[in-house]
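Contents: one structure, followed by commentary.
The values are calculated or read from the model by the stated rules, or taken from the named source; none is laboratory data. Remember, predicted model here, so these are calculated numbers, not experimental data. As a convention, Cβ positions derive from the backbone with ideal geometry for all residues, glycine included, and neighbour counts pool all protein chains shown. To get the accessible areas, we keep the full protein, side chains included, count just its heavy atoms, and leave off ligands, DNA and RNA. Shrake-Rupley method; radii C 1.70, N 1.55, O 1.52, S 1.80 Å.
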Amino acid sequence: MNEMNNNKTPDGGSDQQAGQETLELSIEKLLNGGDGLARHEGQAIFVPMTAVGDRVRARITKRSKNFSQAEVEEILEPGPGRRQAPCPYYGDCGGCNLQHIDDQTQGRTKAAVVEDCFTRLGRMDVKDLLTGPLPAGGNLGYRNRIRLFASPMGPYGLMRKGTHQVVLLDSCPIMAEPFNSQILPWLRMLPPMEQIVVRMEDQGSWLLSCFGSPNRLKVMRKMVGALAEGEEPAPGCRGLLFNNRPIWGHDYLVHQVAGHKFRVSAQSFFQANQAVTEHAVATVRAWLGELQQAGELGGLLADMFCGVGLFSLTLADLFEQVVAVDSDESACRDAANNVTRDQAARDKVTVLTGDLAAVLAEKDPATAEQWRQGLCLADPPRTGLGKPGVAAILERRPRHVLMMSCDPATLARDAAALVEAGYQARKLEVLDMFPQTSHIETIMLLSRQD
């Protein structure tokens with residue numbers, strides 16, 4: 001085993017050239033983001049594409065004062081959860097980073113990551129509270145959205161991690177059919193574009209958004225113009241867009257969740273895993289049903305970061321009033337449209353567009369008492385609520401706060417701030433929204449103690 005050079009440069013790194021040193025390491029655990037953690041002479045070393053229990057020979061690629069990064073050169077002894085990845089492009093394509101770990105171990109690993117984030121970052125013990133992830137849909141063929149990049153050779157693929165090199169794809173195992181059998185072969189007949197985005201829904205319909213030089217638009221228009229009346233460019237295609245401008249058909253899809261329909265424009269966000277989205281809504285409804293049965297559920301739902309209205313519509317029947325807020329104008333237009341078309345929601349939901357704190361300060365239709373007895377549901381982006389979002393909630397002090405997060409680190413941080421302000425964690429569940437990747441979705445319920 002080679003020893004690390006202890007001669008340091010002024011910036012805290014070693015003066016030994018990175019990339020020449022190799023170490024034999026044992027992986028202790030996986031971290032948020034998917035890297036394996038090993039230690040050598042007391043220093044943390046982060047090693048991607050490893051599994052708990054692996055013993056590896058790894059090459060140091062970067063050193064800093066507090067940690068080093070390394071790449072696997074050889075698996076000396078595999079850990080108990082390691083497997084052969086189901087995708088032939090795994091390791092080259094940058095789309096997934098956990099396919100080398102079996103599905104059950106992935107689930108346990110993600111739960112362990114959530115617990116670790118709460119312990120280290122939130123100073124909270126959630127071991128007895130944490131549940132999941134429960135099976136919901138398949139671990140392959142689940143994804144309904146993909147962004148592809150053109151290679152210099154013409155065909156499309158995904159970026160190799162950390163580079164601008166395109167890995168050409170003949171299939172993507174995590175994408176839902178008919179992407180692999182119908183859509184991807186058809187895309188090869190298109191005039192070359194810089195990027196393309198495919199969005200799908202469960203009924204087989206899909207949208208294609210193309211991005212590229214304006215001179216490609218003429219070719220696209222000629223292709224569309226050659227279609228017979230009522231003819232689709234390809235089976236199931238409902239719309240073509242070029243640089244976000246519609247050139248044929250619709251610029252939206254309609255998703256169905258929990259018996260409700262959601263119009264989702266090409267520029268609006270919607271969850272990429274239909275089955276787990278259904279499970280998330282069902283779980284939230286079950287939790288709220290318990291509150292309702294105990295007489296703890298007030299009449300107001302404040303749906304912060306409401307998107308196209310997923311929770312506003314699917315939970316509206318449990319409340320007298322719903323206030324839905326988001327800063328994304330496209331999503332709010334979709335949300336307002338979806339509310340208007342939904343019989344259970346149309347007379348209850350008010351959609352407000354803009355910054356959370358500013359909009360509520362100017363247009364909040366709920367009274368202080370409604371807030372204090374109500375429930376705030378927050379589904380923020382990866383950055384979490386942050387100090388402004390937590391402050392906006394604490395200013396109104398709702399009885400319950402329910403958070404859905406795609407980053408356990410920011411969730412732990414925000415939850416800790418709420419606990420410090422007098423809330424108590426009641427439920428916490430991991431959702432495997434993104435199998436084969438290190439991305440983790442988590443839902444959590446907290447209640448005010450006073």
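Structure above, values below:
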{"read-out": "Two-site FRET efficiency, ALA282 against ASP125, from Cβ-Cβ distance with R₀ of 22 Å, rounded to 0.05", "value": "0.20"}
{"read-out": "Accessible area in the full protein assembly, largest first, 1.4 Å probe, for PHE179, PHE305", "value": "PHE305, PHE179"}
{"read-out": "Among the listed pairs LYS110/LYS161; LYS261/LYS363; LYS363/LYS387; LYS363/LYS427; LYS110/LYS261; LYS110/LYS387, those beyond 23 Å (Cα-Cα)", "value": "LYS261/LYS363; LYS363/LYS427; LYS110/LYS261; LYS110/LYS387"}
{"read-out": "Gyration tensor (alpha-carbon) shape descriptor, segment 290-380, a/c threshold 1.5", "value": "oblate"}
{"read-out": "Candidate residues ARG397, ARG188: accessible-area rank, largest first, probe 1.4 Å", "value": "ARG188, ARG397"}
{"read-out": "Inter-site label distance for GLU71 and ASN180 at 7 Å from Cα along Cβ, in nm", "value": "2.7"}
{"read-out": "Segment 320-337 versus segment 71-149: alpha-carbon centroid distance in Å", "value": "33"}
{"read-out": "Residue-by-residue Karplus 3J(HN,Hα) for segment 277-293, coefficients 6.51, -1.76, 1.60, Hz, glycine and proline x", "value": "4, 4, 5, 4, 4, 5, 5, 4, 4, 5, 4, 5, x, 5, 5, 5, 5"}
{"read-out": "Zone residues, segment 92-133, relative to GLN449, backbone N less than 20 Å from point 7 Å out along Cα-to-Cβ", "value": "118-130"}
{"read-out": "Residue (of ASN180, THR367, LEU313) at the positive-pole extreme of the chain, dipole from beta-carbon charges", "value": "ASN180"}
{"read-out": "Extended-chain gain in nm, criterion 0.36 nm per residue less alpha-carbon gap, ARG39 and THR350", "value": "106.7 nm"}
{"read-out": "Spherically averaged projected area of segment 175-252 from its Cα convex hull (nm²)", "value": "4.9"}
{"read-out": "Long-range HN-HN contacts of LYS161 with modeled amide H, under 5 Å", "value": "GLY94"}
{"read-out": "Using a Förster distance of 25 Å, the FRET efficiency for ALA275-MET189 (Cβ separation, nearest 0.05)", "value": "0.20"}
{"read-out": "Average accessible area per residue (Å²) across the chain - probe 1.4 Å, nucleic acids and ligands excluded", "value": "46"}
{"read-out": "Carbon + sulfur, % of accessible area of segment 95-254 - ligands and nucleic acids excluded, 1.4 Å", "value": "52"}
{"read-out": "Size of charge dipole - the chain - debye, nearest 20, with Cβ of Lys, Arg +1 and Asp, Glu -1, no other charges", "value": "720"}
{"read-out": "Filtered GluC sites (Glu not before Pro), segment 246-315: DSSP coil and at most 16 other beta carbons within 10 Å", "value": "GLU296"}
{"read-out": "Options (i) 231; (ii) 360; (iii) 171 - which one matches volume of the Cα convex hull per residue in Å³ as calculated here", "value": "(iii)"}
{"read-out": "Sites MET223 and GLN104 - FRET efficiency at Förster radius 60 Å, r taken between beta-carbons, to 0.05", "value": "0.85"}
{"read-out": "Per-residue ³J(HN,Hα) for segment 89-102, Karplus 6.51 cos²θ - 1.76 cosθ + 1.60, θ = phi - 60°, Hz, x for Gly and Pro", "value": "9, 5, x, 9, 5, x, x, 10, 9, 10, 5, 7, 10, 5"}
{"read-out": "Share antiparallel - DSSP beta bridges, the chain, percent rounded to 5", "value": "70"}
